[in-house]
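What follows is a set of notes on a single structure, which appears directly below.
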Amino acid sequence: MRDLAVPMVGDRTDAGGGALTPHLPLMPLRVRGLGYRAGGRALIDELDLDLSVSGITMVLGPNGAGKSLLLRLLHGLIAPTTGTISWGGLPLSREVRARQALVFQKPVLLRRSVGENLDFVLRLRGATGTGRRDQLLEQVGLLHLAKQPARLLSGGEQQRLSLARALATEPDVLLLDEPTASLDPASVQTIEAIVREAGRRGVRAVFVTHDIGQARRLGDDVVFMHRGRVAEHAASKVFFESPASEAARDFMAGRIVL
Amino acid sequence: MRAKSIVFRLLDLHLPAFRKFCIFTPETEQGLCILHDFAESFRLAFALVVSGDRDLYEIILLSVQVSLTALLASCIIGFALGTLVALTRFPGRGLVIVLFNTFMGLPPVVVGLLVYLTLSRAGPLGTLGLLYTPAAMVIAQTILITPIIAALSRQIVEDLFGEYDELFRSLSVPVHQAMAAVLWDARYSLITVALAGFGRAIAEVGAVMIVGGNIDHLTRVMTTAIALETSKGDLALALALGIVLLAISMAVNAAALSLSSTAARQAYA
Ligand SMILES: Nc1ncnc2c1ncn2[C@@H]1O[C@H](COP(=O)(O)OP(=O)(O)OP(=O)(O)O)[C@@H](O)[C@H]1O
Ligand SMILES: [Mg+2]
């Protein structure tokens, strides 16, 4: 029989990058029995969650449900009291975190100009020159403000800069905590388009929002959180047509969820 | 007026040197005479400053040299200590912070005394022969202002790092780069701290007097010269030095103010 020149799986020597370390996938995400206690309260309580390999997951839930805490836990910024988190079979580590990007609910910006805020991250990831920076600023509509101190930006502009910075790290997983909370309708569209585009490129997005319409527009699946637990996790279509949990039904009907 | 004469009497009590300039006649009130001396001393003082008197400038130069050197040393030690304590957690950290803050108000004469004891012939570092040299003065001032720089920079670095911490961890920023970024972004505040340290060093008299000895052409700085000339009654030289000291102090404070307003304007602060 003739030998066929079949490329080996994982053989990247022809990728032009030289000795690339094998890039293990971070997905799927598997969370079991996750708990986080602070101040004598169980803020995250026996939480289980599985996220599939691709797509955009929307996280909904009333204020104080634990959405931001969940993102922090998934990103490894805080350590769980109990339970396990595994990203593609890997426990949380510096390397895993470096391949994720978190857009904080409250933007944290360096006391520098808009452009320098991006330069900081780009340099960190080994990029040089200003091409990529300008491209990112253009993408979020901040190019004309590149030289302005980042802290003088408006609330919405700060959020857009945070997103640009997250994209600058070229993450495999994008964790977004209400990134469009204070944006005008046009900027919301821009951001949604950026996230959708990232999703198409294979970036796995987890997107916290209070905007039900946005969840419908963007989400492949929906995680509904309530009192530190996942009250419901379903495909977007299923969730919006017939939410199974009472809390989710109340939430969507605009009733107060306690 | 009664109140006025009380003030003048107080002045008279506290500054016996003024008396020398007074010619007591039944008609002249002591107060008026002092006023006259005051004005005359100011005139002479300005003349001295403007004339570029060599002795005067020698003293000013040495003051600035000693205090700048002490500042440099204090910044190296103080910023390093401040940053270290700001970014690390260890048992006894609270105590270290309390000590920093306490030592901010160290009485200069006490520092002078301790340095004196250390550097004097019989002291542990007596063999270095540093007592009554500018080096001794630098050491004393360094000890005096290092706690100020360490304590204030600790607070500044810790506050800013607290703000950046989650972002840096999120981005997996290596420790040394995180530290550099915090120090860089806090630079305006840190320079203001350095200016405050310099202000304290150059205005201080107790420590340099004890360890420097106020030796003419060797260890005489502005503050010790002022003390000496005042007690000798050479008010013009004392005032001239006082004016220069005030001017330096004002310049330093103006610099600090303009820095912090620049920082605020650019929202870096
Ligand atoms: N470090 C902490 N110590 C004590 N309680 C905390 C801490 N962090 C968060 N909490 C509490 O945990 C709960 C969940 O907080 P979290 O920020 O995750 O809510 P959220 O779902 O993101 O709400 P929102 O929609 O308002 O952003 C809140 O009740 C909050 O007060
Ligand atoms: Mg939140």
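In whole Hz and in residue order, list the ³J(HN,Hα) couplings for the stretch A:216-222 that follow from phi through the Karplus curve 6.51 cos²θ - 1.76 cosθ + 1.60, θ = phi - 60°; x for Gly and Pro.
4, 5, 9, x, 8, 9, 10
Using a 10 Å cut-off on Cβ to Cβ distances, tally the other chain neighbours for every residue of A:162-173 and report the average as a whole number.
1
How large, in percent, is the carbon and sulfur part of the accessible surface of the stretch B:95-162 at a probe radius of 1.4 Å?
Summing carbon and sulfur atoms, their accessible area is 75 percent of the total for the stretch B:95-162.
Springs between alpha-carbon pairs under 10 angstrom, Gaussian network model over chain B: which of B:109, B:205, B:98 fluctuates most?
B:98
The stretch B:153-173: which residues show an accessible-area loss of 50 Å² or more, assembly versus chain alone, 1.4 Å probe?
The answer is B:163, B:164, B:166, B:167, B:169, B:170, B:171, B:172 - residues whose exposure falls by at least 50 Å² when every protein chain is included.
Rounded to whole Å and sorted largest first, what semi-axes of the equivalent ellipsoid does the C-alpha gyration tensor of the protein assembly as shown yield via the square root of 5 times each eigenvalue?
67, 26, 22
Below 10 angstrom from the Cβ of residue B:171, what's the summed charge of the other residues (Lys, Arg +1; Asp, Glu -1)?
Counting the neighbours of residue B:171, the net charge comes to +3.
Relative contact order of the stretch B:48-267, please, whole-number percent, based on alpha carbon pairs below 8 angstrom and at least 6 residues apart.
30 percent
Percent relative contact order of the stretch A:118-177, based on C-alpha pairs within less than 8 angstrom and at least six residues apart?
Reported relative contact order: 42 percent.
Using helices alone, what [θ] at 222 nm do you get for the protein assembly as shown, with -39,500 (n - 2.57) per DSSP H run of 4 or more residues, divided over all residues and rounded to the nearest 500?
Mean residue ellipticity at 222 nm (helix-derived): -18000 deg cm²/dmol.
Please turn the phi angles of the stretch B:203-211 into ³J(HN,Hα) values with the Karplus equation 6.51 cos²θ - 1.76 cosθ + 1.60 (θ = phi - 60°), one per residue in order, whole Hz, x for glycine and proline.
8, 7, 10, x, 6, 5, 4, 5, 8
Just give me a number: lysine pairs in the protein assembly as shown, eight or more positions apart or cross-chain, with C-alpha atoms less than 27 Å apart.
Close lysine pairs under the 27 Å cut-off: 6.
Counting only trypsin sites (Lys or Arg not before Pro) that are in a DSSP loop and have at most 14 other C-beta atoms within 10 Å, tell me the longest site-free stretch of chain B.
Excluding the exposed sites themselves, the longest stretch runs over B:122-269.
Taking K and R as +1 and D and E as -1, what net charge do the other residues with C-beta under 9 Å from the C-beta of residue A:84 add up to?
Surrounding charge for residue A:84 is +2.
Can you list the residues, at least 5 places off or on another chain, whose amide H is less than 5 Å from the amide H of residue A:231, using H built in the peptide plane?
For residue A:231, whose amide H was placed from the backbone, the distant partners under 5 Å are A:224, A:225, A:226.
Amide H to amide H under 5 Å from residue A:83: which residues, 5+ apart in sequence or cross-chain, H placed 1.01 Å off N in plane?
A:35
To the nearest 20 debye, what is the magnitude of the charge dipole of the stretch A:142-234 about its Cα centre, counting +1 on the Cβ of each Lys and Arg and -1 on the Cβ of each Asp and Glu?
160 debye
Using a probe radius of 1.4 Å on heavy atoms only, what accessible surface per residue do you get for chain B? Whole Å² is fine.
Solvent-accessible surface per residue comes out at 51 Å².
Which residue, chosen from A:77, A:91, A:47, occupies the Cα position most advanced towards the positive end of the dipole of the stretch A:22-159, where the dipole is computed from +1 (Lys, Arg) and -1 (Asp, Glu) charges on Cβ about the Cα centre?
A:77
Any idea what angle helix B:134-170 forms with the longest principal axis of chain B, computed on alpha-carbon atoms, 0 to 90 degrees, nearest 10?
Taking the Cα atoms of chain B, the angle to B:134-170 is about 40 degrees.
Mind checking the dipole of the protein assembly as shown: about its Cα centre, +1 per Lys or Arg Cβ, -1 per Asp or Glu Cβ, Debye to the nearest 20?
Using Cβ point charges on Lys, Arg, Asp and Glu, the protein assembly as shown gives about 520 debye.
What list of ³J(HN,Hα) couplings, whole Hz, do you get for the stretch B:70-75 from phi and the Karplus terms 6.51, -1.76, 1.60, once you set θ to phi - 60° and write x for glycine and proline?
Karplus-based 3J(HN,Hα) across the stretch B:70-75 equals 4, 5, 4, 4, 5, 5 Hz.
Let me know the whole percent of all Cα-Cα pairs from chain B that are separated by more than 30 Å.
Distances greater than 30 Å cover 45 percent of the Cα pairs.
Compute for chains A and B the buried accessible surface, both sides summed, probe 1.4 Å, and express it in Å² to the nearest 100.
Roughly 2100 Å² of accessible surface disappears when A and B pair.
Quick one: what does P(r) look like for the stretch A:20-84 with 5 Å bins over all Cα pairs, in whole %?
4, 14, 24, 25, 17, 8, 4, 2, 1, 0
List every residue whose amide H lies under 5 Å from the amide H of residue A:113, counting only residues 5 or more places away in sequence or on a different chain, with H placed 1.01 Å from N in the peptide plane.
A:150
What net charge is computed for the residues neighbouring residue A:189, neighbours being all others with C-beta under 14 Å from the C-beta of residue A:189, Lys and Arg scored +1, Asp and Glu -1?
-1
Cα-based Rg (one decimal) and Dmax (whole number) for the stretch A:25-252, in Å?
Over the stretch A:25-252's Cα set, Rg and Dmax evaluate to 17.4, 53 Å.
With a cut-off of 8 Å between alpha carbons and a minimum separation of six or more residues, what is the relative contact order of chain A in percent?
Relative contact order for chain A comes out at 24 percent.
Ignoring ligands, DNA and RNA, what accessible area per residue does the stretch A:25-252 give at 1.4 Å, in Å²?
Computed with neighbouring chains in place, this is 42 Å² per residue.
For the stretch A:123-251, what is the per residue volume of the convex hull drawn over the alpha-carbon atoms, in cubic angstrom?
Hull volume over Cα atoms, normalised by residue count, gives 131 Å³.
The values are calculated or read from the model by the stated rules, or taken from the named source; none is laboratory data. Source: prediction; values computed, not measured. Note that each Cβ is placed from the backbone with ideal geometry, even for glycine, and that neighbours are counted across all protein chains shown. All accessible areas refer to the heavy atoms of the entire protein, side chains included, with ligands and DNA or RNA removed. Shrake-Rupley method; radii C 1.70, N 1.55, O 1.52, S 1.80 Å.
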